Amino acid sequence: MNELTIFRVALLVAAPVWILLGWWVWTLNAEKLPRWESLPRNRSFGVVLGLAALIWCIPHARPIVFDWMVPWLWPMAIGGAVLGYFFLDYLFARATGGLLILLAYYFVHGTFDFHTPGAAVLAILYWLVGIAGICISGKPCWMRDALRAACTRNRVRWCTGAFLMVLGIVTLIGGLLQKGL
């Protein structure tokens with residue numbers, strides 16, 4: 001598979017995920033708050049997402065590290081995930097923030113690299129995703145606060161769900177209109 005095919009598949013896989021996340025946000029309410037309030041601090045899911053983010057960073061790190069460090073990238077990623085499990089609070093929120101940043105970079109870069117139709121709209125939406133990832137990574141308690149707000153305030157729930165739905169629909173359209181396969 002070439003990079004364009006991988007990018008198009010990534011768009012087509014990401015779209016339903018965003019749409020399902022938007023639907024999930026729309027279904028939140030005050031009764032569900034105790035169930036989801038602890039999600040940002042979840043270590044089990046956080047270590048899986050964190051390891052995925054660290055593994056995703058390995059190809060980006062290869063060109064900039066010293067040659068003697070290249071064989072250590074995989075052990076450092078695994079070790080970083082293990083250390084994060086034991087020493088980081090809000091691990092799921094931090095890992096989610098990191099993945100949002102990586103996703104935003106990947107889709108914005110790919111959108112312009114492969115001349116995706118509607119590139120400007122996709123770029124703006126994914127810049128917002130990246131900004132959310134930066135905010136969550138910097139202040140992971142904001143993910144908990146956002147979940148609380150989505151559960152208790154209708155405006156936050158509807159706006160967040162609508163943004164995720166629009167992001168999913170625009171991503172799907174971009175994936176379907178992508179040429180060159």
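Worth pointing out:
- Restricting attention to the range 39-62, the residues that are open to solvent by 70 Å² or more (accessible area, probe 1.4 Å) and under 18 Å from ALA150 (Cβ atoms) add up to 1.
Here's the yes/no breakdown for (1) closer than 21 Å to GLY130 by Cβ; (2) open to solvent by less than 50 Å² (accessible area, probe 1.4 Å); (3) not basic (Lys, Arg):
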{"site": "ASP67", "(1), (2), (3)": "no, no, yes"}
{"site": "GLY80", "(1), (2), (3)": "no, yes, yes"}
{"site": "TYR90", "(1), (2), (3)": "yes, yes, yes"}
{"site": "THR96", "(1), (2), (3)": "yes, yes, yes"}
{"site": "LEU102", "(1), (2), (3)": "yes, yes, yes"}
{"site": "GLY110", "(1), (2), (3)": "yes, yes, yes"}
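- Among (1) open to solvent by 60 Å² or more (accessible area, probe 1.4 Å); (2) in contact with a helix residue (DSSP H, G or I) (Cβ under 7 Å, 6 or more places away or on another chain); (3) not aliphatic (A, V, I, L, M), the one test that GLY22 misses: (1)
- Boolean, LEU91 is under 25 Å from ARG153 (Cβ atoms) and modelled with pLDDT of 95 or more: no
- Set side by side, the residues PRO71, PRO75 differ, and just one is open to solvent by 70 Å² or more (accessible area, probe 1.4 Å), free of Cβ contacts under 8 Å to residues at least 24 places away in the same chain, farther than 19 Å from ALA14 by Cα and out of contact with any Lys or Arg (no Cβ under 6 Å at 6 or more places or on another chain), which is PRO71.
- Leading residue by the ranking (farthest from LEU91 (Cα to Cα)) among those in the range 34-67 that are of a type in the set (A, V, I, L, M, F, W, C) and over 22 Å from the mean Cα position of the chain (by Cα): PHE66
- Of all residues in the range 25-41, those satisfying the criterion of being in a helix (DSSP H, G or I) and in contact (Cβ under 8 Å) with a residue 24 or more places away in the chain are VAL25, TRP26, ALA30, LYS32, LEU33, TRP36, LEU39, PRO40, ARG41.
- Test: residue in the range 126-149 that is polar (S, T, N, Q), open to solvent by 20 Å² or more (accessible area, probe 1.4 Å) and touching a residue at least 60 places away in the same chain (Cβ under 8 Å): no
- Search result, residues across the range 150-178 that are exposed (fewer than 14 other Cβ atoms within 10 Å of the Cβ) and in contact (Cβ under 8 Å) with a residue 12 or more places away in the chain: THR152, TRP158, ALA162, LEU176, LEU177
- The single condition among (1) farther than 25 Å from ARG155 by Cα; (2) under 19 Å from the mean Cα position of the chain (by Cα) that LEU21 does not meet is (1).
- Listed by first and then second residue, the pairs linking a residue in the range 78-103 that is under 14 Å from SER44 (Cβ atoms) and touching a residue at least 24 places away in the same chain (Cβ under 8 Å) to a residue that is open to solvent by 30 Å² or more (accessible area, probe 1.4 Å) and of a type in the set (Lys, Arg), with Cβ atoms under 6 Å apart and 6 or more places separating them unless they lie on different chains, are TYR85/ARG43; TYR90/ARG41; LEU91/ARG43.
The values are calculated or read from the model by the stated rules, or taken from the named source; none is laboratory data. Everything numeric here is computed off the predicted structure, so don't read it as measured data. With ideal geometry, Cβ positions are generated from the backbone for all residues, glycine too; neighbour counts draw on all protein chains shown. For accessibility, only protein heavy atoms count, side chains too; no ligands or nucleic acids. Shrake-Rupley method; radii C 1.70, N 1.55, O 1.52, S 1.80 Å.
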